[in-house]
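The values are calculated or read from the model by the stated rules, or taken from the named source; none is laboratory data. Small disclaimer: the values here were computed from a predicted structure and weren't measured. Don't worry about glycine lacking a Cβ; one is built from the backbone with ideal geometry, like all the others, and counts go over all protein chains shown. Heavy atoms of the whole protein, side chains included, go into the accessibility calculation; ligands, DNA and RNA do not. Shrake-Rupley method; radii C 1.70, N 1.55, O 1.52, S 1.80 Å.
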Amino acid sequence: MTTHCCEAMNHRADVRCDEHDDPFACPDALIDYSAESQEYGLIIHDGGTSSITVDFCPWCGRSLSPRGRVQDSA
Ligand SMILES: [Zn+2]
Ligand SMILES: [Zn+2]
């Protein structure tokens, strides 16, 4: 399991729902995390697959973008 910036994000980015395979179809899913690009998206439940990329965690405020993380450690 991927470890994210905080407990809340761990919870939200790894929502496992019995009813919906697709997080975009699940009203409980808030965050779409792409392991490939390491980007976090805020899921917009408009019936499609829209999401807003978020650069900061809405819960702990830490930088989420890969670029931001590099800058943080520099
Ligand atoms: Zn966080
Ligand atoms: Zn669901």
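The figures follow:
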{"read-out": "Subset of the range 33-44 (residues that are over 18 Å from S63 (Cβ atoms) and charged (D, E, K, R))", "value": "E36"}
{"read-out": "Neighbours by Cβ (under 8 Å, 6+ apart or cross-chain): first from the range 1-15, within 13 Å of Q38 (Cα to Cα); second of a type in the set (K, R)", "value": "C5/R62"}
{"read-out": "Meets criteria (at pLDDT 90 or above and within 13 Å of the chain's Cα centre (by Cα)) for C5", "value": "yes"}
{"read-out": "Scan of the range 1-43 for residues that are in a loop (DSSP other than H, G, I, E, B), away from ligand 2 (no atom under 16 Å from the Cβ) and open to solvent by less than 70 Å² (accessible area, probe 1.4 Å), ordered by number", "value": "T2, H4, C5, C6, S37"}
